[in-house]
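Heads up: the structure comes next, in structure tokens.
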Amino acid sequence: MVYISEKQKKIIEDLENEMGNLMDVYDFLIKKNDNEPIITELLKFWDSTSRPSGNIQHRSVNNLSIRLAHEEQLQMDTIIKSSPLMDKELLNIKLNENDNITFLLGAGASAPSNIPTVNKLLPELWKGAEKIGRDDLDKLTDYCRSSKINNIEDLLTAAYISEFATKNHDINNLLEYFLFPEKKQCYDTKKVNISKMDASSISFLQDTLQILFGLLTSTMISASPNAAHESIANFVQNHENTSIITTNYDGCMDEALLNKEIEFEGTKTDTGKLKLLKMHGSINWSYCESCQEVLDFDLLEVKEIYDKDIMSFPIMGICQNCGGLRRPLLVPPMAFKFLNFPNLIDIWNSAQQTIMDSNYIIVVGYSFSESDTYISKIIARSMSENPNQTLVVIDTDKNLVKKLRKKYSARIKSFDDERILQSSDKCDIILPKLLQSMLNGDPKGSLIG
């Protein structure tokens with residue numbers, strides 16, 4: 001299937017030679033395949049020459065005039081809004097065999113495998129809560145729904161802060177002071193008293209939410225790799241200097257590599273194998289809360305046992321090393337997520353160094369969320385210290401790259417916007433074509449029809 005048509009390529013070449021023809025652009029947009037992305041340079045040209053004034057627009061470009069009725073302009077806007085965007089510089093990337101390539105995968109990379117993204121996790125969590133039928137969970141569910149609290153990161157962060165505050169009365173009083181300054185005079189003589197029963201109830205609720213989250217992630221076990229994962233595995237086979245960092249718990253990327261018999265690092269780093277750095281843990285990892293021992297179970301065996309219903313997913317277990325409580329090693333989506341998982345420090349440090357050493361960072365379905373400031377700051381520092389480093393962002397959010405360019409331009413002296421390139425197409429569609437083009441150094445046959 002043609003991805004970028006020769007017609008659009010010709011229009012882009014004309015624009016580069018200052019021979020832009022508005023009628024050609026109009027004709028292309030009207031007739032183009034619905035799935036063909038629009039090169040951003042073409043869109044900029046269209047926006048600068050065809051914005052309506054009143055109900056009729058009349059402009060002259062290179063002695064050619066085009067007259068658009070208001071309805072036609074709306075039709076054009078609809079076509080543009082529904083089409084993915086792509087920077088033309090992506091067509092020209094030619095990798096050197098010594099280039100270090102790092103993939104950073106977020107939830108969007110696994111979305112085509114029917115794994116819910118973060119903004120869809122909370123409704124699934126409430127479904128699990130309803131099955132338990134506990135009064136405190138039901139009240140929390142009703143409160144969040146009535147208050148339109150839809151972000152699981154906010155819920156788990158609030159639960160963590162609440163449990164932490166109840167363990168230290170001074171911290172709890174200070175939180176009250178900061179959050180409700182109009183009541184500060186009362187703190188001169190009286191401190192807020194939280195009973196042991198209240199504290200244990202909050203702690204129990206927080207623990208239950210963590211268990212529910214573990215149950216929720218267990219549904220990811222059956223997921224299979226999509227075309228994006230498979231294309232990355234194929235890329236690894238053809239480009240030696242490649243690393244993969246992911247914030248996903250699922251085993252889709254792991255399985256795609258295993259299917260091609262590619263060995264990779266798990267919970268241990270610096271083994272000389274391919275770096276697959278799972279910064280937030282994995283569904284086939286577990287850790288002991290007491291001795292912090294980490295176990296890495298065979299992913300395909302875990303998947304087979306779960307799919308055949310031989311054994312349920314172990315939300316809790318006993319550590320054979322010390323007798324402590326063992327849980328899945330999954331970092332919940334919340335602020336302060338790195339405070340409770342010292343057993344992942346080596347993986348985070350390895351990820352930081354990997355990003356710093358990269359020529360290209362290919363970001364797939366990662367939203368640069370505020371709750372992941374650790375990763376965002378690593379990339380910002382790396383882009384600042386490595387002026388030739390390029391960030392390729394594959395994300396359906398068309399405004400993400402615009403935000404990143406604005407952010408880095410404000411923080412990095414003489415920052416070039418073209419160091420961040422975008423495609424807003426679905427990752428399972430664009431990534432196989434883009435990676436093939438990068439490997440070949442020629443977009444013909446992969447990106448250009």
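The values are calculated or read from the model by the stated rules, or taken from the named source; none is laboratory data. What you are looking at is a predicted structure, and each value in this text was computed from that prediction instead of being measured. As a convention, Cβ positions derive from the backbone with ideal geometry for all residues, glycine included, and neighbour counts pool all protein chains shown.
Taken as a whole, the condition of being of a type in the set (S, T, N, Q), surrounded by 14 or more Cβ atoms within 10 Å (Cβ to Cβ) and touching a Pro at 6+ places or on another chain (Cβ under 7 Å) does not apply to residue 352. Is it true that some residue in the stretch 170-177 is surrounded by 16 or more Cβ atoms within 10 Å (Cβ to Cβ), modelled with pLDDT of 80 or more and not in a helix (DSSP H, G or I)? No.
Taking the listed residues 371, 358, 409, 312, the one that is touching a strand residue (DSSP E or B) at 6+ places or on another chain (Cβ under 6 Å) and small (Gly, Ala, Ser) is 358, with no other qualifying. One residue alone among 130, 72, 97 is surrounded by fewer than 14 Cβ atoms within 10 Å (Cβ to Cβ), outside the structural domain of residue 179 (by TED's automatic domain parsing) and of a type in the set (D, E, K, R), and that residue is 97.
Have a look at 367, 376 and point out the one that is without any contact (Cβ under 8 Å) to a residue 24 or more places away in the chain, under 21 Å from residue 105 (Cβ atoms) and not charged (D, E, K, R). None of the other options fit; the residue is 376.
Please count how many residues of the stretch 1-31 are in contact with a helix residue (DSSP H, G or I) (Cβ under 7 Å, 6 or more places away or on another chain), in contact (Cβ under 8 Å) with a residue 40 or more places away in the chain and closer than 19 Å to residue 75 by Cβ. The number of residues fulfilling the criteria is 2.
In this entry, residue 61 passes the filter for residues that are modelled with pLDDT under 80 and in contact with a Ser or Thr (Cβ under 6 Å, 6 or more places away or on another chain).
The set of residues from the stretch 420-432 being of a type outside the set (Asp, Glu) and either surrounded by fewer than 20 Cβ atoms within 10 Å (Cβ to Cβ) or over 22 Å from residue 43 (Cβ atoms) (or both) comprises 429, 432. Among the residues of the stretch 1-23, the ones that are modelled with pLDDT under 85 and of a type in the set (D, E, K, R) come to 1 in all.
Within the option set 240, 304, being out of contact with any Phe, Trp or Tyr (no Cβ under 6 Å at 6 or more places or on another chain), more than 25 Å from residue 321 (Cα to Cα) and not assigned by TED's automatic domain parsing to the domain that holds residue 228 holds for one residue only, 304.
Do we find a residue being acidic (Asp, Glu) and in a loop (DSSP other than H, G, I, E, B) anywhere in the stretch 116-132? No: zero hits.
Looking only at residues in the stretch 209-229 that are modelled with pLDDT of 95 or more and surrounded by 21 or more Cβ atoms within 10 Å (Cβ to Cβ), the one that is nearest to residue 251 (Cα to Cα) is 225. Only one of the numbered conditions (1) surrounded by fewer than 16 Cβ atoms within 10 Å (Cβ to Cβ); (2) more than 22 Å from residue 280 (Cβ to Cβ) is violated by residue 305, and that is (1). Would you check which residues across the stretch 400-413 are surrounded by fewer than 21 Cβ atoms within 10 Å (Cβ to Cβ) and over 15 Å from residue 426 (Cα atoms) and list them? Matches in the stretch 400-413: 402, 403, 405, 406, 407, 408, 409, 410, 411, 412, 413. Of the residues making up the stretch 80-94, none is outside the structural domain of residue 44 (by TED's automatic domain parsing), touching a His at 6+ places or on another chain (Cβ under 9 Å), surrounded by 13 or more Cβ atoms within 10 Å (Cβ to Cβ) and not in a helix (DSSP H, G or I). The residues listed here are 375, 362; of these, the one that is assigned by TED's automatic domain parsing to the domain that holds residue 231, at pLDDT 95 or above and within 25 Å of the chain's Cα centre (by Cα) is 362.
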